[in-house]
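Undergrad: To start, I am sharing the structure in question, which I have written as C-alpha cells.
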Amino acid sequence: MFDIPNSEPSSLAPGPFPKLFLKPPSLPADGWLNYRAMGRHISIDLREGYWPHFAPEFFARYGDDSLFVRAVADCLTARHVNILIKAQRISPNTQPRRRGLPSAKESLDALFSKMRSDGAVDDVLHVLRESTGVKSPCVLEGEVDSLYGPGTFDRWLNHFERREFATAASLLHRTF
C-alpha cells in the first residue's frame, strides 16, 4: 500500500512519531510516480497530521475554523495512522491527533461510506487532493452532487457545520 523508506525519525520530529514520506493509500502500486507528477511529496508528522499541508484555497473555500476542515484533518490522519499500524510501522496504541469532534469525523466517514456504496471510487482521494491543493476545492462537491442531485453537498455541509449530522446524512439518497 505505502512506499515507506527506511528512515530514522527526523531531528525536527522528536518523540515516538517518525516523519515519513508516503503516497496516499488509495493509489495503485505504480501510483507513486503518478502522484509525484500530480503534485508534491507530503511529509506527514503524526503529531500534526495532514493539517499543516492543507492549501490556502481549501481553507478559503470552507473556512479556517470550519468543522468540516477539522473533520477532514482528523479523517485523513486517522486513516494514515491505521495504515501504519496495519503495516506494523507504529504502535497499535497510537492515537492520532484530533482537531475536531469525534462525531464530525464519524459523520464524514459515513459520507465516504455512503458514496462508496453508491458507486463513487475516489471519495477519500478527492478530499486528500483538494485539501493539499492538488485539485481545486470543488471535486468532492461535484461528486456528491452527481450522486445525490445538484446542491446536495452545500445542503449537507450546511447541516454538518451546524452539527446536525443525522439531518446531513438524510440528504444522501440517490435521486435517479
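Quick note: the coordinates plus some simple rules give every number you see, no bench work behind them. Not measured: the values here are computed from a predicted model. Every residue, glycine among them, receives a Cβ derived from its backbone with ideal geometry; neighbour counts consider all protein chains shown.
Undergrad: Go through segment 109-151 residue by residue and tally those that are aliphatic (A, V, I, L, M) and either assigned to a loop (DSSP other than H, G, I, E, B) or out of contact with any helix residue (DSSP H, G or I) (no Cβ under 8 Å at 6 or more places or on another chain) (or both). Show your work before the answer.
TA: The initial filter retains those residues of segment 109-151 that are aliphatic (A, V, I, L, M), namely 110-111, 115, 120-121, 124-125, 127-128, 134, 139-140, 144, 147.
Keeping just the survivors that are either assigned to a loop (DSSP other than H, G, I, E, B) or out of contact with any helix residue (DSSP H, G or I) (no Cβ under 8 Å at 6 or more places or on another chain) (or both) gives 120-121, 125, 134.
Count: 4.
Undergrad: Return the residues of segment 103-121 that are touching a residue at least 12 places away in the same chain (Cβ under 8 Å) and either surrounded by fewer than 16 Cβ atoms within 10 Å (Cβ to Cβ) or under 20 Å from Asp64 (Cα atoms) (or both); say none if nothing qualifies. Break it down stepwise before answering.
TA: The first filter runs over segment 103-121 and keeps only residues touching a residue at least 12 places away in the same chain (Cβ under 8 Å), leaving 103-112, 114-115, 118-120.
The answer is Ser103, Ala104, Lys105, Glu106, Ser107, Leu108, Ala110, Asp118, Gly119.
Undergrad: For segment 125-135, indicate whether the set of residues that are touching a strand residue (DSSP E or B) at 6+ places or on another chain (Cβ under 8 Å) and among the hydroxyl-bearing types (Ser, Thr, Tyr) is non-empty. Break it down into steps so the answer makes sense when it comes.
TA: Filtering segment 125-135 down to residues touching a strand residue (DSSP E or B) at 6+ places or on another chain (Cβ under 8 Å) leaves 132.
Checking the rest, the ones that are also among the hydroxyl-bearing types (Ser, Thr, Tyr) come to 132.
So far as segment 125-135 goes, yes, one or more of its residues are touching a strand residue (DSSP E or B) at 6+ places or on another chain (Cβ under 8 Å) and among the hydroxyl-bearing types (Ser, Thr, Tyr).
Undergrad: Out of everything in segment 152-175 that is among the acidic types (Asp, Glu) and in a helix (DSSP H, G or I), what residue ends up being nearest to Ser107 (Cα to Cα)?
TA: Going residue by residue through segment 152-175, those that are among the acidic types (Asp, Glu) are 154, 161, 164.
Checking which are in a helix (DSSP H, G or I) leaves us with 154, 161.
On the way: Asp154: 15, Glu161: 11 Å.
In this case the residue turns out to be Glu161.
Undergrad: Out of all the residues in segment 74-83, is one or more over 18 Å from Phe54 (Cβ atoms), free of Cβ contacts under 8 Å to residues at least 40 places away in the same chain and surrounded by fewer than 13 Cβ atoms within 10 Å (Cβ to Cβ)? Can you show your working first?
TA: Step one: filter segment 74-83 for residues over 18 Å from Phe54 (Cβ atoms), giving 82-83.
Right, trim to free of Cβ contacts under 8 Å to residues at least 40 places away in the same chain and you get 82.
This time we only want the ones that are surrounded by fewer than 13 Cβ atoms within 10 Å (Cβ to Cβ), so: none.
Taking every residue of segment 74-83 in turn, none turns out to be over 18 Å from Phe54 (Cβ atoms), free of Cβ contacts under 8 Å to residues at least 40 places away in the same chain and surrounded by fewer than 13 Cβ atoms within 10 Å (Cβ to Cβ).
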